[in-house]
Amino acid sequence: LNVTEEKFVLDTVAGCTEYKSILDVVINAFYVQDGKYCPISERNLYIVICYLATFQLEEIGLQRFSRIVKSLDTAKMQQFLRFFFNDLYLNTWIKDEWSHFYDSEYVKENWIDPLLRYVILKWQPKVQQLIEKLTDKLSNHTTTVKTWRVTQPKEFNLTVPKPRAIPPPSPAPLPVLPKRQPVPPSIYKPPKERKQLEEIKTKNIQKAKVTNTNQFRCATIKPEKREFLCRIISAVLVLWSQISCEQYLDVVWESVLAQYFEELTKQPQDLIDNISIKLNTAAILREGALYQRKLEEELKRIENLQQGAGDPSEFLEWQKQMRGKDLEEQLTEIECRRLQGKLSYEEAVLAHQNVIQENKKKADLLREEKAELMHLYAEKRLQEQKQMKELVEQVMEGHKNVKQVKAKIQEYKQQIVQQVCEESGELLRQALEEKEDENRKRYELIQQIRAIESTPSIRHKFVDLTETGGHGLFGEMSIVELRERLALLKEAQKAAEEEKRDQIIREKQAKEQLLLDKLDQISQFRAELGRAAALKQEEKKKSQSGERPMNDEHILNLQKKIVEKTMERKKQAGLL
């Protein structure tokens, strides 16, 4: 190439790579609308033509541009130039898509306006003349029909089929064996040891039921224990009245001990009514330990008060008030957040309704464009169907000669098949003779094996139970001696079981007594806790009845805004 031509080629390649994003927008749209049937391999050709028409048309001039276009395929260039130099496309979506990459004013002044100058102005319709010349050339172009070459048949390379296997003859009947002895019925009966074990198990269950008659009752208190506790509390009251201490502690101790005394002097039926849940052993012991620990903490607190410690009631009251204030502030913040969320929801609904109206307008425009494109597509399909009919007629003429060739090939195949069948018959006869010899040998071997198995053998062996095995081992003994030793071991095992059973019964009775004591203590503490909870609930109700609901100004403003937004949204929905 010359220096000028080499420079022009390099500038064109550099420009195509620099403005690739803009050119891809136009080429992709062309392949979607007008260039559906154009091959992808010609994409670079359209990119170069689009770059020259957009950026280099004023520099190279229209004559040189038309010379380049005429040197290429006329149908493709006419289709692309009619698509690209469309004033509607340039003013609408091409301009909008290019504005995503560059400034809209720069795109309009430097790219869109120069292109429209060659399309819209009546006194300078140069591009339109070029497109009309290409269409005239297409209309005068005559299509040449290719002549198809007749196919010449060739012989097939057929594979030789395998010989068919002849089914073997039915074997001779086998000799009938004598009947075996039946299975003895003792195999299907259960052993005697299992019955003995079940009888021992039922006896042990009956013994355990007899020994476990004194089951603990979790809701009653013994009268002996009740009288003993009443005496202890009365003695403590007498001793406490004689001791000189502060008046506050006297009142506390007298109230606590009087409550315990009243609880103990009640009838057993009241205690039974208070207990509503049957506790297991672990729950009873755990609750008893909890109440014991609380009692020790209360006694320790009273001792500290006697020694001069301060009363934390004022601090607890102040702490309760401050927590109430914090809770009210948190509730107001939560209400504000809820109202703000509701307000944002109303605003989002209004924005969604506006988007729906815009989408409806866009959909109407797309429907109109789609109708135009479908009309063009229908015209193209009619032209293609005419061309296909002509091709089918040409192909049918070529198929007539093929039928005669197929008949000759079929006759040749039948001759080959007859030769193969004769050769396979001889091979099958040889295979059958070899198979018969093998079957005879197998039958003779089977008869010999069955004759050996039918011979009788000695199965019974006489055993003396008083003699040893004679294996030469240490501690070797006869079966009679073994049975005697096993009997002695069973007697010793039974004695150990009886002793262990008695020990378990004693431990169980001691545990039941401990659980009864714990239940008495738990019932007393539960009654006291129930009274304290009732008093606290009454105080809480009184304090809540005195409070007044507080309204924040910020919350009221948010509520007003929400009402206004809902009214606006309902109006918008009515219009839609």
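The values are calculated or read from the model by the stated rules, or taken from the named source; none is laboratory data. This one's a predicted model, so the numbers in the text were calculated from it and none came from an experiment. All Cβ positions, glycine included, derive from the backbone under ideal geometry; neighbour counts span all protein chains shown. For accessibility, only protein heavy atoms count, side chains too; no ligands or nucleic acids. Shrake-Rupley method; radii C 1.70, N 1.55, O 1.52, S 1.80 Å.
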May I ask for the net charge around Glu426, where only other residues with Cβ less than 15 Å from the Cβ of Glu426 are counted and Lys, Arg are +1 while Asp, Glu are -1? -1
Under Karplus coefficients 6.51, -1.76 and 1.60, residue-wise ³J(HN,Hα) of region 517-528 in Hz, glycine/proline x: 4, 5, 5, 4, 5, 5, 4, 5, 5, 5, 4, 5
Computed accessible area, Trp318, all protein chains, 1.4 angstrom probe, square angstrom: 140
Among the lysines, select those whose C-alpha is under 30 Å from the C-alpha of Lys192, and discard any that sit fewer than 8 residues away in the same chain. Lys201, Lys203, Lys207, Lys209, Lys461, Lys490, Lys494, Lys500
Taking a ≥ b ≥ c as the square roots of the Cα gyration tensor eigenvalues, with a/c under 1.5 meaning rounded and otherwise prolate when a/b beats b/c, else oblate, which class fits region 30-106? oblate
Heavy atoms of Met396 accessible to a 1.4 Å probe, total area in Å² rounded to 10: 110
Excluding same-chain pairs closer than 8 in sequence, count the lysine pairs in region 3-143 whose Cα atoms lie under 20 Å apart. 13
Let me make sure I get this right: for region 459-511, a, b and c are the square roots of the gyration tensor eigenvalues over alpha carbons, sorted descending. Under 1.5 in a/c it's rounded, otherwise prolate if a/b > b/c, else oblate. Which is it? prolate
Honestly region 3-143 on the Cα gyration tensor test (a ≥ b ≥ c root eigenvalues; a/c under 1.5 rounded, otherwise a/b vs b/c for prolate or oblate) is just rounded
Quick one: ranking Asp520, Asp502 by accessible area, 1.4 Å probe, largest first, what do you get? Asp502, Asp520
Taking Lys and Arg as +1 and Asp and Glu as -1, residues besides Phe55 with C-beta under 11 Å from its C-beta add up to -4
Using only the heavy atoms of the protein chains and a 1.4 Å probe, how would Thr332, Thr566 rank by accessible area, largest first? Thr332, Thr566
Run the reach check for Lys542 against lysines, Cα to Cα strictly under 23 Å, same-chain hits fewer than 8 apart removed. What comes back? Lys320, Lys325
To the nearest 10 Å², what's Glu484's accessible area with a 1.4 Å probe? 110
